[in-house]
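The values are calculated or read from the model by the stated rules, or taken from the named source; none is laboratory data. For clarity, every value in this text was computed on a predicted model and none was experimentally measured. Here the Cβ positions follow ideal geometry from the backbone for every residue, glycine too, while neighbour counts run over all protein chains shown. Ligands, DNA and RNA are excluded from the accessible area calculation, which covers all protein heavy atoms including side chains. Shrake-Rupley method; radii C 1.70, N 1.55, O 1.52, S 1.80 Å.
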Amino acid sequence: MTDIRYILNKLCDESDLTREEIITLLENRDPEIQTELAKNASAVARKHYGNKIFVRGLIEFTNYCRNDCYYCGIRCGNKNAERYRLSKDEIVECASYGYDLGFRTIVLQGGEDMFYTDDMMVDIIKSVKKEHTDCAVTLSIGEKSYESYKAFFDAGADRYLLRHETADPGHYAKLHPSNLSSENRKQCLYNLKKIGFQTGAGFMVGSPYQTLENIADDLLFLKKLDPEMIGIGPFIPHKDTVFADEKAGGLDLTLYLLSIIRLMLPTVLLPATTALGTIDPRGRELGILAGTNVVMPNLSPVGVRKKYALYDNKICTGEEAAECMNCLKNRISNIGYEIVADRGDNIKYKNMKEGK
Ligand code: 5AD
Ligand code: FES
């Protein structure tokens with residue numbers, strides 16, 4: 001117990017732990033420590049971002065994907081997935097609808113769909129940015145070359161989400177086919193940072209074969225990469241995947257890790273993910289109380305929502321974006337926080353750019 005106290009204090013004071021200390025913290029998870037971590041983590045989030053919660057409008061513009069990740073419902077091997085693509089006009093229209101609802105960040109997410117060439121993506125990014133100059137554009141479209149990333153950045157994209165999925169190459173190989181590698185994934189993340197994107201990494205909690213040592217290595221990788229954003233959420237099985245019969249990641253472990261991440265990287269933008277809201281009706285609220293400061297409601301046209309199913313039973317697939325916005329506003333104000341119409345840049349990144 002003295003060990004745990006020492007580790008907790010060190011985490012709060014120094015935002016850093018050794019691998020052994022992280023493993024000890026993970027092995028000794030209990031409700032009392034969980035509460036204490038959440039209290040400290042939410043205080044750190046409030047110190048940097050107040051009671052403000054940033055919203056990102058997520059446009060899932062294609063569910064075609066060339067990859068066959070074992071956990072993912074839109075893997076190319078899933079012949080039951082009904083595929084769709086949004087046109088440039090549909091994407092831009094969706095972004096404008098989001099803008100009117102108060103979104104100042106638009107996230108363009110999709111599978112690795114080669115239909116959208118770099119030129120097309122550049123055109124889409126420029127169109128959204130031109131129409132809404134005060135809006136940030138975030139991309140989440142997988143692994144690309146340095147040159148492609150650079151072209152997107154030069155076109156005006158501000159941020160890029162690419163979860164590293166697991167920092168351990170052996171574990172990575174159990175979740176992905178052999179044409180994909182942890183090394184390349186990490187290289188992409190370093191490239192994105194070098195180019196100047198606000199970069200997001202992250203992993204699934206409770207993915208098949210994941211050990212506490214893997215999680216410790218994920219946290220150490222994140223600390224080293226120092227991304228502006230981190231996305232973690234529970235693994236949830238999808239019926240048409242290799243992992244259909246695996247069990248979902250746990251709520252408490254996810255919340256515990258969210259708090260640890262907030263304490264390790266105090267200014268990071270950290271969403272309470274849809275997956276967290278899917279495994280528990282109050283998941284997103286609990287996430288905020290554990291130190292998260294972002295929510296990412298769905299802006300995709302309702303007609304395609306159900307088709308972007310990475311996992312089973314995803315929430316909010318029947319609601320209009322306006323309904324989700326109202327629902328989230330209520331949920332968030334009920335716990336003493338407030339959604340803001342703001343780009344919501346990472347504060348450390350912003351200060352660095354402004355030379356502060
Ligand atoms: N359960 C939870 N998260 C998933 N993702 C993909 N499939 C699943 C699943 N079955 C996550 C991955 C990916 C992100 C877009 O969604 O971490 O990077
Ligand atoms: Fe979508 Fe509540 S956030 S219905």
Handout entry: Elements of type helices (runs of 4 or more DSSP H) contained in the range 260-333, each with 3 or more residues being away from ligand 1 (no atom under 15 Å from the Cβ)
Key = 283-289, 302-305
Exercise for the section: Under 7 Å between Cβ atoms, at least 6 apart or on separate chains: pull out the pairs that start in the range 54-65 with a residue that is in contact (Cβ under 8 Å) with a residue 24 or more places away in the chain and within 10 Å of Pro301 (Cα to Cα) and end on any residue that is assigned to a loop (DSSP other than H, G, I, E, B) and not basic (Lys, Arg). Expected result: Ile59/Leu299; Ile59/Ser300; Glu60/Ser300; Glu60/Tyr308; Phe61/Leu86
Completion exercise
Filtering the range 211-259 down to residues that are outside any loop (DSSP other than H, G, I, E, B), within 13 Å of ligand 1 (Cβ to nearest atom) and of a type in the set (Gly, Ala, Ser) yields Gly231, Gly233
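Enumerate the helices (runs of 4 or more DSSP H) found wholly within the range 19-135, keeping only those where 1 or more residues are within 16 Å of ligand 2 (Cβ to nearest atom) and open to solvent by less than 30 Å² (accessible area, probe 1.4 Å).
Details: elements: 19-27, 31-49, 88-100, 118-131.
Where helices (runs of 4 or more DSSP H) fall fully within the range 19-135 and carry at least 1 residues being within 16 Å of ligand 2 (Cβ to nearest atom) and open to solvent by less than 30 Å² (accessible area, probe 1.4 Å), they are 88-100.
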Handout entry: Candidates Glu228, Glu285, Glu213, filtered to the one that is more than 26 Å from Lys10 (Cβ to Cβ) and open to solvent by 10 Å² or more (accessible area, probe 1.4 Å)
Key = Glu285
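Closer than 25 Å to Tyr149 by Cα and either more than 14 Å from ligand 1 (Cβ to nearest atom) or in a loop (DSSP other than H, G, I, E, B) (or both), is that true of Lys193?
Yes; evaluated as a whole, the condition is true for this residue.
Yes or no, residue by residue, for (1) in contact (Cβ under 8 Å) with a residue 40 or more places away in the chain; (2) more than 17 Å from the chain's Cα centre (by Cα); (3) under 25 Å from Thr24 (Cβ atoms); (4) open to solvent by 20 Å² or more (accessible area, probe 1.4 Å):
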{"residue": "Leu162", "(1), (2), (3), (4)": "no, no, no, no"}
{"residue": "Gly170", "(1), (2), (3), (4)": "no, yes, yes, yes"}
{"residue": "Phe197", "(1), (2), (3), (4)": "yes, no, no, no"}
{"residue": "Val205", "(1), (2), (3), (4)": "yes, no, yes, no"}
{"residue": "Asp240", "(1), (2), (3), (4)": "yes, yes, no, yes"}
{"residue": "Tyr256", "(1), (2), (3), (4)": "yes, no, yes, no"}
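Of all residues in the range 184-222, which are among the charged types (D, E, K, R) and in contact with a Pro (Cβ under 8 Å, 6 or more places away or on another chain)?
Of all residues in the range 184-222, those among the charged types (D, E, K, R) come to 185-186, 193-194, 213, 217-218.
Matches in the range 184-222: Lys193 only.
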Exercise for the section: State yes or no: is Val295 among the β-branched types (Val, Ile, Thr), open to solvent by less than 20 Å² (accessible area, probe 1.4 Å), within 13 Å of ligand 2 (Cβ to nearest atom) and farther than 21 Å from Cys72 by Cβ? Expected result: yes
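Residues of the range 309-334 being away from ligand 2 (no atom under 14 Å from the Cβ) and either at pLDDT below 95 or not acidic (Asp, Glu) (or both), which ones? Talk me through it step by step, then tell me what you get.
Of the residues in the range 309-334, the ones away from ligand 2 (no atom under 14 Å from the Cβ) are 309-312.
Once the filter is applied, which keeps residues that are away from ligand 2 (no atom under 14 Å from the Cβ) and either at pLDDT below 95 or not acidic (Asp, Glu) (or both), the range 309-334 yields Ala309, Leu310, Tyr311.
Do we have Ile141 as more than 19 Å from Asn346 (Cα to Cα), at pLDDT 95 or above and within 16 Å of ligand 1 (Cβ to nearest atom) here? Step through it out loud before you land on a result.
Details: more than 19 Å from Asn346 (Cα to Cα): yes; at pLDDT 95 or above: yes; within 16 Å of ligand 1 (Cβ to nearest atom): yes.
Answer is yes for this residue.
Return yes or no: is Gly206 farther than 23 Å from Thr254 by Cβ and out of contact with any helix residue (DSSP H, G or I) (no Cβ under 6 Å at 6 or more places or on another chain)?
In short, no.
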